[in-house]
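Beneath this line is the structure, given in structure tokens, with notes to follow.
The values are calculated or read from the model by the stated rules, or taken from the named source; none is laboratory data. Just so it is clear, the model here is predicted, and its values are computed rather than measured. Here the Cβ positions follow ideal geometry from the backbone for every residue, glycine too, while neighbour counts run over all protein chains shown. Only protein heavy atoms, including side chains, enter the accessible area calculation; ligands, DNA and RNA are left aside. Shrake-Rupley method; radii C 1.70, N 1.55, O 1.52, S 1.80 Å.
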Amino acid sequence: MASAVSSDTPPPAQRVGYRQLLRTPGAWTFLLPGFAARQPFAMLTISIVLLLRHTTGSYGVAGAVAAVTGVSMAVFAPQSGKLADRHGQRAVLVPGVLLHAAAAALLTALALAHAPLWALIAAAVPTGASVPQVGPMVRARWATALGSGAPGGSGPRPGRHPLLATAAAFESVTDELTFVIGPVLATALSTAVHPASGLIAEAALTLVGGLLFAARRRTAPPPNPARADAREPHASALSVPGVRVLAVAFLGIGSVFGGMQVALTAFTQEHGQPGLNGVLYGVFAAGNMLAGVACGAIAWRTSPRRRLLTAYAALTLICSTLWAVSSALPLGGLGLLAGLCVAPALITGYTLVDALVPAASRTEAFTWLTGSVALGQAAAVTAGGQVADGFGASAAFTVPLVGTALALLTVVSLRAHIAPRGTTTAIRQDQHTADTHSACQPVRNDDTMAPASGRHSSK
């Protein structure tokens, strides 16, 4: 894809890097509480699996309840994002974290009381539905802080700030760091302290971190309430075909997260080394984090669509070998390689979806992708638990293979929809000029994901 920079693009001589990004005024005020508040996303599933495996003795039951939590989050996350876009992040976060803490406490109590499956599932629904969507909210704050488009508006954006590319990679690194810390912390607490302590810590972090994050009002994007005089109703970000394709891609990535969690838990149990579970998953997540750091430092010469397809094909190839491993050391090596492939796919996906939707729908669009990850994770946890119970840990590693292979097939077949070429017109009535752009010759910087500097743009 040819690269072009519009006249209103910031000068290419401006330095771009993590140091410059972190000097953005007000950044640290939302980064630190945001980091604490997003830890529970990585702790919730594994905490539920470890607690219910202890109380019920079945990976299948544990996986089913964890899956309900993930499905509930996937269903409600986009609605949470839409409400945050319209009414402000604080209005959604405060009641959400209070509800989540109460629901997680109820699920913990029911599990320890050996409640029936239907009661556990009933408690899992509000637990998942109320998971705060802090990651998408942080991304929206970066875009506001760096001046990406008219805050809360739906019109064309001005030239994209060069630090948005760095912010995209930085957020991916932060996400992956939570998947290094979260599962290890949850596993350590659940195995060394008490089986319920992982879920209790998850609820406490959600409550404290979420309230601290919500209190930082100055960096939050302004709300964009629906106007009575609007010519047509606000359309969902999911109405963009490219967003739907990327959602399928993120379903496959979620199947890797969920499948690895269950399969690694069963693998370490079978080998009499349950304490290695968090370490092996941490190695997998460390690969994600290292690749995310590299993505922020590389001057990309290839288009984001090609990077997505390449990373996804490599991820599928690595997943095809996991089932054949019989010892922890090579499994850790393959997990590291899988992690190195996940981060580029995630970063590029967020980069592409940010180009396809207006600022007024930004948080909602991000939550569709995080919701897809949660849904894929839920499906993989359920399937992985059933397979592990029936056929053993090695067979459970086929779950991420099937998930990534099906998603790769879909993305390759529909790859034309994820080329950023004026597709924002699907939900932006006032951007008629995008239809006149050439499919291969980008004119505006918001339709170009490979600017002259060669760096990828923001999530």
Quickly run through region 373-393 and pick out the residues that are small (Gly, Ala, Ser) and open to solvent by 50 Å² or more (accessible area, probe 1.4 Å). Ala379, Gly390
Go through the residues of region 247-268 one by one and say whether even a single one is open to solvent by 10 Å² or more (accessible area, probe 1.4 Å), closer than 20 Å to Val71 by Cβ and not small (Gly, Ala, Ser). yes
